[in-house]
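The structure appears right after this line, and notes come after that.
All of the numbers you see were taken from the coordinates with simple rules; none came from a lab. Bear in mind the structure is a predicted one, so any value in this text is a computation, not a measurement. Backbone-built Cβ (ideal geometry, glycine too); neighbour counts: all protein chains shown.
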2 protein chains.
Amino acid sequence: MLAVDWGTTQLRGALLDADGRMIDGHAAPRGLLQLPTDGWAAAFDAEFGAWLGRWPDLPSLMCGMVGSRQGWAEAPYLHCPAGVHELAAGLCWIRPGRLAVVPGLAAQTGGEAGEVPDVMRGEETQVVGALALLGLADATLVLPGTHSKWVQVTDGRITAFQTHMSGECYALFRQHSILARSLPPPDGPATEDGGSVDDAFDRGVARAAEAGGLLHHLFGVRTLQLFDRLGARELAGYLSGLVIGEELRAVAPDPRRALVIVGSDGLAQRYRRALLARGVTARCIGDEAGWRGLFELWRRAVPP
Amino acid sequence: MLAVDWGTTQLRGALLDADGRMIDGHAAPRGLLQLPTDGWAAAFDAEFGAWLGRWPDLPSLMCGMVGSRQGWAEAPYLHCPAGVHELAAGLCWIRPGRLAVVPGLAAQTGGEAGEVPDVMRGEETQVVGALALLGLADATLVLPGTHSKWVQVTDGRITAFQTHMSGECYALFRQHSILARSLPPPDGPATEDGGSVDDAFDRGVARAAEAGGLLHHLFGVRTLQLFDRLGARELAGYLSGLVIGEELRAVAPDPRRALVIVGSDGLAQRYRRALLARGVTARCIGDEAGWRGLFELWRRAVPP
């Protein structure tokens, strides 16, 4: 089968064998933001034409923004709780039996201040895959990123989740706030400047747990520079610690539940480090979670 | 006397009579960001030349970024606790007996995660003036703005304070985040769009007090738009409520202490509204606080 993760800025595909193993992969910078509204089918054929030419009956399953209102075909959100069976039953078929899109999930949060919806598209598939790969049915999963997702799974179904705009906010503070003047250029060389970036990150995580709140703690990046307490690269680590630490403060993950970080890059390692500092052990699982999720959903798919 | 508030982007001056009443005022967009490093004296003479020509012995006291390292003359930070007497004794004289700068204040915050300094320049003078005008010696004062200050005063002296980057963060989220796409242009016409902006603001303030944290609540601006729950102008009010509400959540002002908002504009009114929703009554005092603070400090000044 052809497994496709088609998001806001990236198109990624993988050719999977009958056991779900990846045979080949292909990626292109052709996401929702780069494509014309009616350009999805043509981009699909262009990017995967070689494989589709070789195996004309290759079935394809896609997840991500490809199923949004601005995508190829809108796959309406399913509501929590939902697991692999609900998702497989809710596929949105573009070419019956041949090509489908995984629906996103919606959850309701909010209390007396009124209900506030939350949504995901693509992460539900990664969760399905991570659970299958790890053999878990009850866990908390965190998917770090521009918009981090915290997902609660009970009896194999996603019961609730929360989005945190941590990655986006970090980039805003890092590049567009007054703090940017105290920090090295984001794409500058990774040279040491006399202090330990990891130590500064840990200090930011610890600071985030103290009274004061993020809006106050942020100003500390400026004053620590003003009084020469931290070097420029350390300050960037401290800021990262403040933001990830604020996310952990708010989520307060239960150390008695299995915790899985879906990701294997430097960001995932930072989450793991910050969680450890709070006494929570987490395991990481990488990109294979998404492919496995598409494989698991396709196996259970019921064409219309 | 000539009272001058010289900040990052603005120069404002007031001619005060022997009782501290304002006779005349003058403002120009010539702050730290607009001036060359050595341009302060020339700008002072150019902007206030008419008054200085008429009263050659006019004494002048200045506060704000004019006393920073990048200012006209660096007035080193005094450490808390400090009140009107410490500030008056700590003036930095540029022309002895004639022209001086009020020092800024520094405070230490932070616990086990290590000390983090906090600083202010200009707000200490507004606090001195507000206390004098209101006859208070024990109060909490909030000075809303790009970087809001929360100031604790006991026995007439500033014992502690905290900066919150609320105004700056609101502008970042409003203009540079993904949320900007859901919101009307910041400088667009103030037309109604079918809902109440005040109600949406209140809802944001209430939401900020709930579990989840700012990084999560921000994403609600996007989903409330996605599900057509709030109009574009309401969403801007909701976002403002989230940010101010987060500041209040973190500060948790003591309702038994006198609370003073230094400011009289729409922003000050929003703080007042948000505080009321949390059961805290506050009074507002406007621009006169700064002039009165400079007057009170000059009265106690001891030239070198």
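Counted over the protein assembly as shown, the DSSP beta bridges are approximately 70% antiparallel. What shape does the range A:1-87 have by the C-alpha gyration tensor, where a ≥ b ≥ c are the square roots of the eigenvalues, rounded means a/c under 1.5, and otherwise prolate means a/b greater than b/c and oblate the rest? The shape class here is oblate. Rounded to the nearest Hz, the phi-derived 3J(HN,Hα) couplings of the range B:105-114 under the Karplus curve 6.51 cos²θ - 1.76 cosθ + 1.60 (θ = phi - 60°) are 10, 10, 9, 9, 10, x, x, 5, 6, x, where x marks glycine and proline.
Each of A:ILE244, A:GLY67, A:LEU172 was placed along the dipole of chain A (beta-carbon charges, centred on the mean Cα), and the one lying farthest toward the positive end is A:ILE244. Taking the longest Cα principal axis of chain B as reference, the axis of helix B:40-54 is set at about 60 degrees.
Rounded to the nearest 5, the antiparallel percentage of DSSP beta bridges internal to chain B is 70%. Rg and Dmax of chain A, both derived from C-alpha coordinates alone, stand at 20.8, 66 Å. The C-alpha atoms of chain B define a longest principal axis, and helix B:214-226 lies at about 50 degrees to it. In plain terms, the chain from A:ALA232 to A:ARG257 could stretch by 5.3 nm, reckoned as 0.36 nm per residue minus the Cα-Cα distance.
Each other copy places its own label point for A:ARG54 at 8.8 nm from this one, sorted shortest first, where the point lies 7 Å along the Cα-to-beta carbon line. Each of B:GLU74 and A:ARG69 was given a label point 7 Å from its Cα along the Cα-to-Cβ line. The distance between the two points is 5.4 nm.
Averaged over residues, the count of other Cβ atoms within 10 Å places the peptides A:104-112, B:286-294 in the sequence B:286-294, A:104-112, highest first. Which residue fluctuates most in the GNM of chain A (Cα springs below 10 Å): A:ARG203, A:ARG229, A:ARG272? Greatest mean-square fluctuation among the candidates belongs to A:ARG229. Only helices enter the 222 nm calculation for the protein assembly as shown: every DSSP H run of n ≥ 4 contributes -39,500 (n - 2.57), and dividing by all residues gives -11500 deg cm²/dmol, rounded to 500. Note on B:160-167: average number of Cβ atoms from other chains within 10 Å of each residue's Cβ is 5.
Taking other C-beta atoms within 10 Å as the exposure proxy, A:VAL102, B:VAL280, B:VAL221 rank B:VAL280, B:VAL221, A:VAL102 from fewest upward. Based on the Cβ-Cβ distance from A:ALA46 to B:ARG95, what FRET efficiency comes out when R0 is 60 Å, to the nearest 0.05? About 0.20, to the nearest 0.05.
Peptide A:202-214 has a mean of 5 when you count, residue by residue, the C-beta atoms of other protein chains within 10 Å of its C-beta. Structural size metrics of the range B:63-138, computed from C-alpha coordinates, are Rg and Dmax of 13.6, 45 Å.
In this label model, B:ARG283 and B:THR159 are separated by 2.2 nm, measuring between points 7 Å along each Cα→Cβ vector. Once the mean of 1/r is taken over each pair of separate Cα atoms and inverted, the protein assembly as shown shows a Kirkwood hydrodynamic radius of 26.7 Å. Among A:ALA41, A:ALA75, A:ALA130, the residue with the largest mean-square fluctuation in a Gaussian network model of chain A, with springs joining Cα atoms closer than 10 Å, is A:ALA41. Stokes-Einstein diffusion of the range A:68-198 at 4 °C, 1.567 mPa s viscosity, Kirkwood radius from Cα pairs, rounded to a whole number: 75 µm²/s. Taking the label point 7 Å along Cα→Cβ, A:SER196 and its counterparts in the other copies are spaced 5.5 nm apart, in ascending order. Remark: label point of A:LEU33 defined 7 Å out from Cα along the Cα-Cβ vector; separations to the same position in other copies 2.5 nm, ascending. For chain A, a Gaussian network of Cα nodes joined below 10 Å ranks A:GLY167, A:GLY279, A:GLY241 by mean-square fluctuation, and the top entry is A:GLY279.
Fully extending the segment from B:GLN175 to B:MET22, taken as 0.36 nm per residue of separation minus the present Cα-Cα distance, adds 51.3 nm.
Going by a ≥ b ≥ c, the root eigenvalues of the Cα gyration tensor, does the range B:191-304 fall in the rounded group (a/c under 1.5), the prolate group (a/b larger than b/c) or the oblate group? In terms of gyration-tensor shape, prolate. Counting Cβ atoms of other protein chains within 10 Å of each residue's Cβ and taking the mean over peptide A:221-227 gives 5.
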